[in-house]
1. Considering R221, R241, R217, R294, which residue is in contact with a Ser or Thr (Cβ under 7 Å, 6 or more places away or on another chain), within 30 Å of L33 (Cβ to Cβ) and not acidic (D, E)?
2. Where residues in the stretch 367-386 are surrounded by fewer than 23 Cβ atoms within 10 Å (Cβ to Cβ), aliphatic (A, V, I, L, M) and under 22 Å from R238 (Cα atoms), which of them is farthest from the chain's Cα centre (by Cα)?
3. What are the residue pairs meeting all of these: first residue in the stretch 210-221, first residue closer than 13 Å to T118 by Cα and aliphatic (A, V, I, L, M), second residue assigned to a helix (DSSP H, G or I) and at pLDDT below 95, Cβ atoms under 7 Å, and 6 or more apart or on different chains?
4. If you go through the stretch 141-161 one residue at a time, do you hit one that is among the β-branched types (V, I, T), modelled with pLDDT of 95 or more, farther than 20 Å from C201 by Cα and not in a loop (DSSP other than H, G, I, E, B)?
5. Could you please give the count of residues in the stretch 162-196 that are in a helix (DSSP H, G or I) and in contact (Cβ under 8 Å) with a residue 60 or more places away in the chain?
6. Tally the residues that are within 15 Å of A185 (Cα to Cα) and of a type in the set (K, R), restricting the search to the stretch 364-410.
7. Of all residues in the stretch 149-172, count the ones that are out of contact with any strand residue (DSSP E or B) (no Cβ under 8 Å at 6 or more places or on another chain) and either surrounded by fewer than 16 Cβ atoms within 10 Å (Cβ to Cβ) or of a type outside the set (F, W, Y) (or both).
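The values are calculated or read from the model by the stated rules, or taken from the named source; none is laboratory data. Fair warning: this is a prediction, and the values are worked out from it, not measured in the lab. Reconstructed Cβ throughout: ideal geometry from the backbone, glycine too, with neighbour counts over all protein chains shown.
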Amino acid sequence: MTDPSNGSADAPAPAGAAPGAGAGLSRRGVLGLALGAGAAGLALGAGAGATTGVAVGRAREQDAAASVYDYYGAHQAGITTPVQDHLHFASFDMMARTDRDDLVTLLQDWSYAAARMTQGLDVSATGAVGGSPEAPPDDTGEALGLAASGLTITFGFGPSLFENDEGDRYGLATRRPAQLEKLPAFLGDDLDPALSGGDLCIQACADDPQVAVHAIRNLSRIAFGRARLRWSQLGFGRTSRTTAAQATPRNLFGFKDGTANILATDDAALADHVWVGAADEPAWMAGGSYLVARKIAMLIETWDRVRLSEQESIIGRTKGVGAPLSGGDEFTEPDFDATGAGGQPAIATTSHVRLAHPELNDGIRILRRGYNFVDGNNELGRLDAGLFFLSYQRSPEQFVRLQRSLSTDTMNEYIRHVGSGLWAVPAGAQPGSFVGAALFA
C-alpha cells in the first residue's frame, strides 16, 4: 500500500462528511491505533490458523493485484464482487460501558479506514512511516508496497448489537429486523460458542492474503477500547464463483463447489434472493442483505478412505468435470427423474445436489462466498480443516429452509458444524457518510 511519505495525500472530505467518514479518524480511532498497537496483533494470532505466512516471498506483480473496488456504492462490496482468493473474517463484541456515540464513531472510523485501504492506501494520511518517530505508526506497515489486490471490506450487525443480556445498550432494540435472530439448532451442530456470534463482523477478501490480514489487523486497532475481537478465521481457495469468467473452484473433498451459484450479472435473481427490497422491513435495510457464516469441519481422513463411486453418489456429481450423475456437463441441469442400472435414481435421493436444489426447495436460492480453511492439526493429529461457509440472502429464512432440507444429506457423516453466526449487512455507504448510517437516522 502507498507510503504517505512518498507523496500520497489523504482524500479530501466530501461536503457534509461525518466525523471519521471522510475527514479523518476520530480521536478515539487515533487513540486506538496507538494503544492497540500490540494487543490487536496478539489477539488475531490466535484465530489466524496456519496460513498467515503464505504471502512471504511470493510474487507481488499479478494481474489480480491491480484490481481495485470502490468502498462506496449502492451495495457493500464483497457480496457480488468477483470472489477473491483469500479471506480474513473477524467477529467483534462491543466493550462494556460503551454508548451509542462510541458505536457510531467506530463505524465512522472503520468506514474512513476501509475506504482508504480498499484503494491501496495506508489506513490514514500519516500511515506506517509518515508520522512522528516517537509515536506508534498509524498503519502497521505489512502492506507497504503491495497493491490493493482486489480488497473488499464488508460490515455486518449481529442480533446481540440490538439487544443482549445487558438490554438495549444503544437504543436500537426497536430497529432490529424481525428476521435477525440467532439461528435455530440444526441436526449435526456441534457449535463452539467461542467460534460463534458477535455484535459486529468484518469480511475482508483479497487476492493477497497479507492485504486481507492487514485490513483486519488495522481495523482491530482502530476499535481498541470500543470493540474487542471475539473470533476470527482465515480462508483460502474460494469455494464459489460470482462471475461467469471465474472457473468453478474445488473444496477440500476435491469436488467442484458453487456451480449453480447466483452470478453478479443475474439482476433478477439478486433482487429476488439476495438484496433486501425497498418494500421489506425494516426500511433501513433496503439494499442490504443477511450474512450467514458457518465453520464446517470436514473429516478429511475419513472421506479420503471412501471409494470414488460412493463419493460421487454422496455429492450427486462426478468428481472430474462436475457433471450431475444424470448426465451432461458441469452446467447441465440435474434430472432427478433419471434412473441408472437396476432402476435406481441416477442421483441418489439423499445426495447433496438433490437436497440443496431449488427445484426441491420452493425455488429458494442463496449467494455463496465460502472458503477452504486449514488450521493445522487437532489433538488426534488429524487435519483441522474444512469449509468456512458464507452465504448472502434476502432473508435468513432462506438459509434455515435449505439447512433443514439437508438434514438427510449423506454428506453429514463427514462434516461437523462447529461455528455459526448471522449478521444484517446494511446497504453500501455513501461518500461523506458511513456504513449503517440509516440505522441511526
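1. Numbers: R221 fails: in contact with a Ser or Thr (Cβ under 7 Å, 6 or more places away or on another chain); R241 fails: within 30 Å of L33 (Cβ to Cβ); R294 fails: within 30 Å of L33 (Cβ to Cβ).
Exactly one of R221, R241, R217, R294 is in contact with a Ser or Thr (Cβ under 7 Å, 6 or more places away or on another chain), within 30 Å of L33 (Cβ to Cβ) and not acidic (D, E), namely R217.
2. Restricting to residues being surrounded by fewer than 23 Cβ atoms within 10 Å (Cβ to Cβ), aliphatic (A, V, I, L, M) and under 22 Å from R238 (Cα atoms), the top hit is L383.
3. Short answer, once both residue conditions are applied: I216/L44.
4. No, the conditions are met nowhere in the stretch 141-161.
5. Qualifying residue count, the stretch 162-196: 2.
6. Adding up the residues that qualify gives 2.
7. Residues flagged as out of contact with any strand residue (DSSP E or B) (no Cβ under 8 Å at 6 or more places or on another chain) and either surrounded by fewer than 16 Cβ atoms within 10 Å (Cβ to Cβ) or of a type outside the set (F, W, Y) (or both) within the stretch 149-172 amount to 8.
Yes or no, residue by residue, for (1) among the aromatic types (F, W, Y); (2) at pLDDT 95 or above; (3) outside any loop (DSSP other than H, G, I, E, B):
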position: A212; (1), (2), (3): no, yes, yes
position: L219; (1), (2), (3): no, yes, yes
position: G225; (1), (2), (3): no, yes, no
position: R228; (1), (2), (3): no, yes, yes
position: L234; (1), (2), (3): no, yes, yes
position: S240; (1), (2), (3): no, no, no
position: L252; (1), (2), (3): no, yes, no
